[in-house]
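The structure under discussion appears below in the form of structure tokens.
The values are calculated or read from the model by the stated rules, or taken from the named source; none is laboratory data. What you see is a predicted model, and the numbers here were worked out from it, not measured in a lab. Cβ placement follows ideal geometry from the backbone for every residue including glycine, while neighbour counts extend to all protein chains displayed.
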Amino acid sequence: MKRILILGATSAIAEQTARIFAQRGDRMMLVARNRDRLEAMREDMQVRGAATCEVSVTDLTDYATHAGLIKTAYEKLEGLDIVLIAYGTLGSQKAGEKDFSVAMMELQTNFTTVVSLLTLLANLFERQGRGSIAVISSVAGDRGRQSNYVYGAAKGALTIYLQGLRNRLAKSNVHVLTIKPGFVDTPMTRDFKKGLLWVGPDVIARGIVKAIDKRKDVAYLPFFWRYIMFIIKIIPERIFKRLSL
Ligand SMILES: NC(=O)c1ccc[n+]([C@@H]2O[C@H](COP(=O)([O-])OP(=O)(O)OC[C@H]3O[C@@H](n4cnc5c(N)ncnc54)[C@H](OP(=O)(O)O)[C@@H]3O)[C@@H](O)[C@H]2O)c1
């Protein structure tokens, strides 16, 4: 039985992942902004078999809450084995180009607030000498594109941060997983036209749990995104800059 903290638990991907943990009989604490959805999830997780399911209503962009939140999770769950950081926003790229305050909010939600949480969690996990820290980044962080480079920059920075953190924590037996989903049909992508490469959040959730169990470093989900992004990354910049991506 694992003790699991999920930050951004109402995300479609996180909810599907939490269901798998619940079916395994794990203990969990779910953190998100929406009280009603959290309460509904708590009931659902208990019905599905979770040993315990605590909830905390928190806006994760509020840095001042981070230390208390992690302390509470540690106390309520009587320790921590796995943390999944899933929250994020895909704001309007156009708005971010016009107004720095919009871009800054996007960078804060997707990067700097995550760094604040990871600073606390990394020190805790390093001291205990075990555990898994799993964070949802994105394939969007692998190469900047005109359609979403503010979001992509935040996720790219997060990917590099996690790479360094993994390098630091490897000697402490702490597992750091970077999750890079491709196109996932969730509320975040509600307005996007869907095609062949799209999958549901349940597919990503199964990939996340498998990657945690196998202590993988980086998980492209589904797997074929590793090959797609390999090709995207090797296109020379002088050609790439002229593409409408
Ligand atoms: N969908 C995709 O195609 C895709 C692809 C690659 C990566 N991702 C990443 O996957 C992760 C999960 O996204 P999703 O696709 O599952 O979308 P989603 O269902 O829209 O989930 C996003 C979640 O983030 C939460 N959130 C946003 N700001 C928050 C804040 N300040 N405090 C607490 N929670 C906050 C939202 O809570 P509220 O409901 O309260 O707003 C929502 O539950 C994100 O990191 C996203 O960037 C998604």
* To do: Give me a count of the residues in segment 161-181 that are within 16 Å of the ligand (Cβ to nearest atom) and farther than 12 Å from ASP217 by Cβ.
  => 2
* Asked: Can you tell me how many residues in segment 58-75 are hydroxyl-bearing (Ser, Thr, Tyr), within 16 Å of the ligand (Cβ to nearest atom) and not in a loop (DSSP other than H, G, I, E, B)?
  -> 3
* All but one of (1) of a type in the set (Lys, Arg); (2) touching a strand residue (DSSP E or B) at 6+ places or on another chain (Cβ under 8 Å); (3) in a helix (DSSP H, G or I) hold for LYS171; which doesn't? -> (2)
* Within segment 234-244, identify whether any single residue is within 16 Å of the ligand (Cβ to nearest atom) and modelled with pLDDT of 95 or more, and answer yes or no. => no
* To do: Go through ILE204, ILE212, ILE232 for me and flag whichever is touching a Ser or Thr at 6+ places or on another chain (Cβ under 7 Å) and either surrounded by 13 or more Cβ atoms within 10 Å (Cβ to Cβ) or over 22 Å from LYS2 (Cβ atoms) (or both).
  => ILE212
* Structure fact -> The condition from (1) of a type outside the set (S, T, N, Q); (2) part of a helix (DSSP H, G or I); (3) touching a residue at least 60 places away in the same chain (Cβ under 8 Å) that GLY91 misses is numbered (2)
* Asked: Based on what the data block shows, is VAL218 closer than 30 Å to ASP81 by Cβ, within 13 Å of the ligand (Cβ to nearest atom) and out of contact with any helix residue (DSSP H, G or I) (no Cβ under 7 Å at 6 or more places or on another chain)?
  -> no
* Identify the single condition in (1) farther than 21 Å from THR10 by Cα; (2) away from the ligand (no atom under 16 Å from the Cβ) that TYR149 does not satisfy, given that it satisfies every other one. => (2)
* Keeping to segment 178-209, report how many residues are in a helix (DSSP H, G or I), within 20 Å of THR159 (Cβ to Cβ) and without any contact (Cβ under 8 Å) to a residue 40 or more places away in the chain. => 1
* Picking from ARG130, ARG143, which residue would you name as being in contact (Cβ under 8 Å) with a residue 12 or more places away in the chain and under 23 Å from GLY96 (Cα atoms)? -> ARG143
* Subset of segment 84-128 [within 23 Å of GLU15 (Cβ to Cβ) and more than 14 Å from the ligand (Cβ to nearest atom)] -> LEU121
* Among residues belonging to segment 182-194 that are more than 6 Å from the ligand (Cβ to nearest atom) and of a type outside the set (D, E, K, R), point out the one that is nearest to GLY8 (Cα to Cα). => GLY182
